[in-house]
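Engineer: Provided herewith is a single structure, encoded as structure tokens, for subsequent inquiry.
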Ligand SMILES: O=P(O)(O)OC[C@H]1O[C@@H](O)[C@H](O)[C@@H](O)[C@@H]1O
């Protein structure tokens, strides 16, 4: 059986507890031979040309050090100040610095040079996320003819936002060098299709543009998920129960409304607090009956826009406190710190409302984890942004437009008065969906589809039996599975 090689910017670490993705992929690597490859988390004077391998909890991990300037251009610059805001439709928060793109490509080329010596011809390579879009191009330039798949964990942008990204045509050609491109949601495949079928003519200043040819690249929605059974267990574990007891004392009968997000402008945190302010303003009877807990560990704080989001949120929370707090009652608690999964599972289980209202999000696994942690006999209500990928599979949530804070406030009010029977029925449907779209199913299905592609050795049209089993994908993802196959074009291909 082919080995699996997973490539991502961050690798599993010895110190940080593994997240859902790492746990799932670790399971995959436990049954298949292979290794994980990525950045070591270290900066060095000279970028490393060779990977260092170590075993982390039985998993083989190869990693390279990056030079500080390259890292700045690749990670904080092109990846997180251009691609991240543009893919989340926040061009107003993007910063354009021409030299970042060179750093981004340099790091991708460095990844490829360090990875190639460790590859076997029939290895299946699975590349993760927007930091590494050019990796297949770089690997193929070094002669790799393996099957290479890409998975985008964040939303795919609309065509106009994509046009605003410097070198977008080249990035799209990079995507066409993959055999399989996986996306979170149908919405993303539709945005991709729109671009692929109507690629822009060159601009006045541009050279004639070679359009990307996707005739050999399959683009499909593979919605990622969590491990709902594991989370359900975690929510009744001793650590979770300790957290629940602690919170019960503090809540003193108030209904807990809970948000858990990385501190990122895409998460819609100021809008969420504004919606809560409206809930209290419009429903005086709810004061002293509810409490908002927002957990928001800081992230990417070397980037100015992240600091500004943090300041805005501080100000919003202060405003609500100043307006509604009493000497013996506080309307909200805002915690800028990360919690371990057992404590989070306890908080989720205790919360009457899981408030998941990003302005735009690839999937949002907090929604999955909240659902999985509920007590089936007395479940809480998920209030979910329609702009999270999760909205495509969680239609039993209360779906809201997070920009419309009146609507979010009203959804919270409805959730607070929702009868037990309706809460149970909605939760059951959500839990069933969380199980269908579990992270294990996601990984297995993606790898099946990638294995079924013919890889770099393909010449001419693919043989029918070489195609991924679209029937299987479609049956699994029901009406969600959108498989994009371009018609004709010229230029590059996956091979
Ligand atoms: O910037 P960081 O901390 O490495 O986080 C990157 C990850 O952040 C997550 O929020 C995104 O969903 C992932 O797509 C992304 O890879």
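The values are calculated or read from the model by the stated rules, or taken from the named source; none is laboratory data. If you're wondering where the values come from, they're calculated on a predicted model, not measured in any experiment. Because the Cβ atoms are built from the backbone with ideal geometry, glycine has one as well, and the counts that use them run over all protein chains shown.
Engineer: Restricting to helices (runs of 4 or more DSSP H) lying wholly in region 68-176: which have 3 or more residues that are within 30 Å of residue 444 (Cβ to Cβ)?
Structural biologist: Ranges flagged: 98-115, 135-141, 168-175.
Engineer: Now for a different question. I want to confirm something. Restricting to region 134-167 and keeping residues that are crowded, with 20+ Cβ neighbours inside 10 Å and without any contact (Cβ under 8 Å) to a residue 40 or more places away in the chain, which single residue is nearest to the ligand (Cβ to nearest atom)?
Structural biologist: Checked region 134-167; the qualifying residue nearest to the ligand (Cβ to nearest atom) is 150.
Engineer: Please work out if residue 353 is in contact with a strand residue (DSSP E or B) (Cβ under 7 Å, 6 or more places away or on another chain) and in contact (Cβ under 8 Å) with a residue 12 or more places away in the chain.
Structural biologist: Spelling it out, residue 353 is indeed in contact with a strand residue (DSSP E or B) (Cβ under 7 Å, 6 or more places away or on another chain) and in contact (Cβ under 8 Å) with a residue 12 or more places away in the chain.
Engineer: Could you tell me whether region 177-190 includes any residue that is crowded, with 20+ Cβ neighbours inside 10 Å and out of contact with any helix residue (DSSP H, G or I) (no Cβ under 9 Å at 6 or more places or on another chain)?
Structural biologist: Within region 177-190, one or more residues are crowded, with 20+ Cβ neighbours inside 10 Å and out of contact with any helix residue (DSSP H, G or I) (no Cβ under 9 Å at 6 or more places or on another chain).
Engineer: Under the condition of being more than 19 Å from residue 35 (Cβ to Cβ) and surrounded by fewer than 23 Cβ atoms within 10 Å (Cβ to Cβ), which residue from region 109-133 is farthest from the ligand (Cβ to nearest atom)?
Structural biologist: 109
Engineer: Also, quick follow-up: Yes or no: region 123-137 includes at least one residue that is touching a helix residue (DSSP H, G or I) at 6+ places or on another chain (Cβ under 7 Å) and modelled with pLDDT under 95.
Structural biologist: No, because not a single residue in region 123-137 is touching a helix residue (DSSP H, G or I) at 6+ places or on another chain (Cβ under 7 Å) and modelled with pLDDT under 95.
Engineer: When you go through 402, 376 one by one, which is the residue that is farther than 22 Å from residue 296 by Cβ and either in contact (Cβ under 8 Å) with a residue 24 or more places away in the chain or assigned to a helix (DSSP H, G or I) (or both)?
Structural biologist: Result of the check over 402, 376: 376.
Engineer: Could you tell me which residue of region 361-372 is nearest to the ligand (Cβ to nearest atom), considering only residues that are touching a strand residue (DSSP E or B) at 6+ places or on another chain (Cβ under 9 Å) and part of a helix (DSSP H, G or I)?
Structural biologist: Restricting to residues being touching a strand residue (DSSP E or B) at 6+ places or on another chain (Cβ under 9 Å) and part of a helix (DSSP H, G or I), the top hit is 366.
Engineer: Confirm whether residue 296 is in contact with a helix residue (DSSP H, G or I) (Cβ under 7 Å, 6 or more places away or on another chain), in the same structural domain as residue 341 (by TED's automatic domain parsing), more than 18 Å from residue 357 (Cβ to Cβ) and modelled with pLDDT of 95 or more.
Structural biologist: no
Engineer: Hey, any hits in region 49-63 for a residue that's on the phi < 0 side of the Ramachandran plot, buried (at least 16 other Cβ atoms within 10 Å of the Cβ) and under 19 Å from the mean Cα position of the chain (by Cα)?
Structural biologist: No: zero hits.
Engineer: With the condition kept exactly as written, say whether any residue in region 23-31 is more than 13 Å from the ligand (Cβ to nearest atom) and in a loop (DSSP other than H, G, I, E, B).
Structural biologist: Checked against the condition, which is being more than 13 Å from the ligand (Cβ to nearest atom) and in a loop (DSSP other than H, G, I, E, B), region 23-31 yields no hits at all.
Engineer: Here's something else I'd like to know. What are the residues in region 268-292 that are more than 22 Å from residue 247 (Cβ to Cβ) and within 16 Å of the ligand (Cβ to nearest atom), if any?
Structural biologist: Of everything in region 268-292, just one residue is more than 22 Å from residue 247 (Cβ to Cβ) and within 16 Å of the ligand (Cβ to nearest atom), namely 268.
Engineer: Looking at (1) under 27 Å from residue 247 (Cα atoms); (2) away from the ligand (no atom under 16 Å from the Cβ); (3) touching a strand residue (DSSP E or B) at 6+ places or on another chain (Cβ under 8 Å); (4) not in a helix (DSSP H, G or I), which is the one condition that is false for residue 358?
Structural biologist: Status for residue 358: all satisfied but (2).
Engineer: Now for a different question. Check whether at least one residue in region 119-126 is within 30 Å of residue 386 (Cβ to Cβ) and assigned by TED's automatic domain parsing to the domain that holds residue 167, and report yes or no.
Structural biologist: Yes.
Engineer: Could you list, ordered by first residue, the pairs with Cβ atoms under 6 Å in which the first is in region 122-133 and at negative phi and the second is near the ligand (Cβ under 10 Å from one of its atoms) and in a strand (DSSP E or B), at least 6 apart or interchain?
Structural biologist: Short answer, once both residue conditions are applied: 128/8; 128/151; 131/9.
Let's see how each residue does on (1) crowded, with 21+ Cβ neighbours inside 10 Å; (2) in contact (Cβ under 8 Å) with a residue 60 or more places away in the chain; (3) within 13 Å of the ligand (Cβ to nearest atom); (4) within 23 Å of the chain's Cα centre (by Cα):
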site: 37; (1), (2), (3), (4): yes, yes, no, yes
site: 40; (1), (2), (3), (4): no, no, no, yes
site: 74; (1), (2), (3), (4): yes, no, yes, yes
site: 86; (1), (2), (3), (4): yes, yes, no, yes
site: 97; (1), (2), (3), (4): no, no, no, no
